[in-house]
């Protein structure tokens, strides 16, 4: 009798531990840490040397900037902007210059704020009233800054310390949603709702246009400028993301079956991986890692109850940062972000044991 009880107890423990594994596995082993922000995180960026990680945030409660040391996750710089009606101080986009000297943030009011990296301190406004921003991009030599918005595109010249308007949308109701420079800095890419425009950086004239099918959340150029990905969508129903050649505009493939709304993308420095992020409000944040060339998902995780609005790879592609509307910057190990996530059950199974801290419960 005692032997039978021991066997039953052993089976119970094995079953309980297996159930606990299911519950624990809901937290991805790829997640290294969560960095707290006061409100929704709209943009994340690594410094070129990979030593700093920055976030821009803002919505209802607060707006501003956070910068951490990647090595020890120590807060290096913090700025909380005064809240104003309409959220004009909410930060939408951030970027480090390629030479690592400058950091720029763009807020909803259409201003670009400049910091000297390391000195930090009070920012300088270098662009103002340029429209609600959709993206920021430096030229390869860190001389020019491209500011795209819903009403146009503006270029700031760091040598002459002045700015000029580059372009306006071709039709009412259309808007630019990001862009960037070619590797030699002579050509500027700008995306709108149906086209990718290529501009001559010197003459400010359109060189050519490529047709694209995109809703209008991002315009991602790969680090070596082999790929350009315009897109994003608000529904997962039969939507697809097109990957184009940044050399001739040829569509190279489609990424389909993203789970929910798609709001952000980033391409690794090796140009082998693309991170896609989105989610649903009141649902979850989604983050997928895909093979660029094969258009195949390699790994997936979810987080929180709000969408993930921004993603960025570290310079060595070992880390992936994700900015969540739940008010966190999530730092993932790229190597561990593989396979499907084991979903936590919404209701207990018959006989399942639930663990909370050091206590075990059998749900009724």
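The values are calculated or read from the model by the stated rules, or taken from the named source; none is laboratory data. From a predicted model like this one, the values you see are computed outputs, not experimental measurements. Note: ideal-geometry Cβ built from the backbone for every residue, glycine included; neighbour counts use all protein chains shown.
Does the stretch 240-271 hold any residues that are modelled with pLDDT of 90 or more, in a loop (DSSP other than H, G, I, E, B) and touching a strand residue (DSSP E or B) at 6+ places or on another chain (Cβ under 7 Å), and which are they? Passing the criteria: 246, 249, 250, 268, 269, 271. Among the residues of the stretch 333-344, is any surrounded by fewer than 24 Cβ atoms within 10 Å (Cβ to Cβ), in a strand (DSSP E or B) and modelled with pLDDT of 95 or more? Yes, because at least one residue in the stretch 333-344 is surrounded by fewer than 24 Cβ atoms within 10 Å (Cβ to Cβ), in a strand (DSSP E or B) and modelled with pLDDT of 95 or more.
Here is a list: 105, 112. Which entry is modelled with pLDDT of 95 or more, closer than 18 Å to residue 156 by Cβ and under 18 Å from the mean Cα position of the chain (by Cα)? Reasoning before the result, please.
On the way: 112 fails: under 18 Å from the mean Cα position of the chain (by Cα).
After applying the criteria, what remains is 105.
Among the conditions (1) touching a residue at least 24 places away in the same chain (Cβ under 8 Å); (2) within 15 Å of residue 111 (Cβ to Cβ), the only one that residue 216 does not satisfy is (2).
Residue-by-condition table, conditions (1) touching a helix residue (DSSP H, G or I) at 6+ places or on another chain (Cβ under 9 Å); (2) assigned to a strand (DSSP E or B); (3) under 20 Å from residue 310 (Cα atoms); (4) modelled with pLDDT of 95 or more:
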position	(1), (2), (3), (4)
148	no, yes, yes, no
160	no, no, no, yes
163	no, yes, no, no
229	no, yes, yes, no
238	no, no, no, no
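Being touching a strand residue (DSSP E or B) at 6+ places or on another chain (Cβ under 6 Å), crowded, with 16+ Cβ neighbours inside 10 Å, free of Cβ contacts under 8 Å to residues at least 40 places away in the same chain and assigned to a strand (DSSP E or B) is a description that applies to residue 114.
Regarding residue 64, is this residue buried (at least 16 other Cβ atoms within 10 Å of the Cβ), within 20 Å of the chain's Cα centre (by Cα) and assigned to a strand (DSSP E or B)? Don't jump to the end; show me each part of the working.
Details: buried (at least 16 other Cβ atoms within 10 Å of the Cβ): yes; within 20 Å of the chain's Cα centre (by Cα): yes; assigned to a strand (DSSP E or B): yes.
Against the criterion (buried (at least 16 other Cβ atoms within 10 Å of the Cβ), within 20 Å of the chain's Cα centre (by Cα) and assigned to a strand (DSSP E or B)), residue 64 qualifies.
Whether any residue in the stretch 128-150 is more than 29 Å from residue 243 (Cα to Cα) and surrounded by fewer than 17 Cβ atoms within 10 Å (Cβ to Cβ) is what I want to check. Yes, because at least one residue in the stretch 128-150 is more than 29 Å from residue 243 (Cα to Cα) and surrounded by fewer than 17 Cβ atoms within 10 Å (Cβ to Cβ). Can you tell me how many residues in the stretch 286-316 are within 21 Å of residue 255 (Cα to Cα) and either in contact with a helix residue (DSSP H, G or I) (Cβ under 7 Å, 6 or more places away or on another chain) or without any contact (Cβ under 8 Å) to a residue 60 or more places away in the chain (or both)? Qualifying residue count for the region: 16.
Given the residues 220, 186, which is the only one that is more than 23 Å from residue 274 (Cα to Cα) and either in contact with a strand residue (DSSP E or B) (Cβ under 8 Å, 6 or more places away or on another chain) or modelled with pLDDT under 90 (or both)?
Details: 220 fails: more than 23 Å from residue 274 (Cα to Cα).
Answer to the check: 186.
Scanning the stretch 293-307 for residues that are surrounded by fewer than 22 Cβ atoms within 10 Å (Cβ to Cβ) and part of a loop (DSSP other than H, G, I, E, B) yields 293, 294, 295, 304, 305, 306.
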